[in-house]
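Only one structure is covered here, and it is reproduced in the block below.
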Amino acid sequence: MAVSEKRILVIDPNARARKSLELLLKNENYQVETGKGLSEAIKKVSQGGFDCLILDVDLPEMKGYEAVSILKNLAPDIKIIMTTDKNTKRREARVREQNIFFYFIKSFGLDELKLAIKNAFNP
């Protein structure tokens, strides 16, 4: 698979975070689409073609970890990277109960996220 064919969907209610992640990933030669909430994620994932979904925990409609099963039913093989601005032990436990690929705390810096994305495409 050529790098340019690697498609990522970024779902984050924060427009600034969404845009900066989109630019970062496009600079890494990924095809990127974005959305701000679960309804957009469901629509785009159901259309298919995404290899990786970067999903924020704090969606407008529900918690991202509550949406994982819905999205996995639409695309069982999609790699989900869950992101958050603020982490607690309870939140992390809830996220890790889901069948996700990686849990990323945004304050850790982007190198860790870039490595997780690369690993999602090279299992």
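Data for the structure
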item	result
HN-Hα J in Hz across region 24-41 - Karplus 6.51, -1.76, 1.60, θ = phi - 60°, x for Gly and Pro	4, 6, 5, 5, 8, 6, 9, 8, 10, 10, 9, x, 9, x, 5, 4, 5, 4
Gap separating the Cα centres of region 96-114 and region 15-42, nearest whole Å	15
Residue 53 long-range amide H proximity, modeled H, under 5 Å	9, 79, 80, 81
Debye log10 I(q)/I(0) at q = 0.20 Å⁻¹ for the chain, Cα point scatterers	-1.15
Anchor residue 118: aspartates and glutamates whose Cα lies under 18 Å away (excluding residues fewer than 8 positions away in-chain)	5, 22, 28, 33, 51, 77
Fraction of beta bridges assigned by DSSP in the chain that are antiparallel (%, nearest 5)	5
Amide proton proximity set for residue 30, modelled H, under 5 Å, gap of 5+	none
Label-point separation, residue 69 to residue 111 (7 Å along Cα→Cβ), nm	3.9
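Coordinate-derived values only; no laboratory data. These numbers were taken from a predicted model, which means no experiment stands behind them. For neighbour counting, all protein chains shown are included, and Cβ atoms are generated from backbone atoms with ideal geometry for every residue, glycine included.
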